[in-house]
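Notes follow the structure.
The values are calculated or read from the model by the stated rules, or taken from the named source; none is laboratory data. On a predicted model such as this, the values are computed, not experimentally measured, just so you know. Every residue, glycine as well, gets a Cβ built from its backbone with ideal geometry; the counts of neighbours run over all protein chains shown.
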């Protein structure tokens, strides 16, 4: 069986793929920056709040239809949807944006917090005032 020799090796192709993925991510980041700027302009123009956009932490979320064969409110693992929270006390809010969004300061930073920092706010400006 004869093998056909091509001008590219697997390693060269993988390097090209990595370079293209890096280029795609850079373009994506640039586009995301533009989209965020447009959204911020629209929010400022119309005086929208997180609650107007359905992003307020206190607004109830609409129920999603359950997948066939699954009970509503149940995770695929079989436990109740709130099993992770049972017995755990709620932490007091440490940060707030004054629009109904709060965060205890524990765990992953919420999107509203990251957006506020990106907009020039300082962490200490978002602290809940006692």
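Annotations
- Here residue 3 does not qualify as outside the structural domain of residue 130 (by TED's automatic domain parsing), under 21 Å from residue 129 (Cα atoms) and either at pLDDT 90 or above or in a loop (DSSP other than H, G, I, E, B) (or both).
- Only listed residue being modelled with pLDDT under 90 and in contact with a helix residue (DSSP H, G or I) (Cβ under 7 Å, 6 or more places away or on another chain), chosen from 50, 92: 50
- Residue 118 modelled with pLDDT of 90 or more and under 21 Å from residue 37 (Cα atoms): yes
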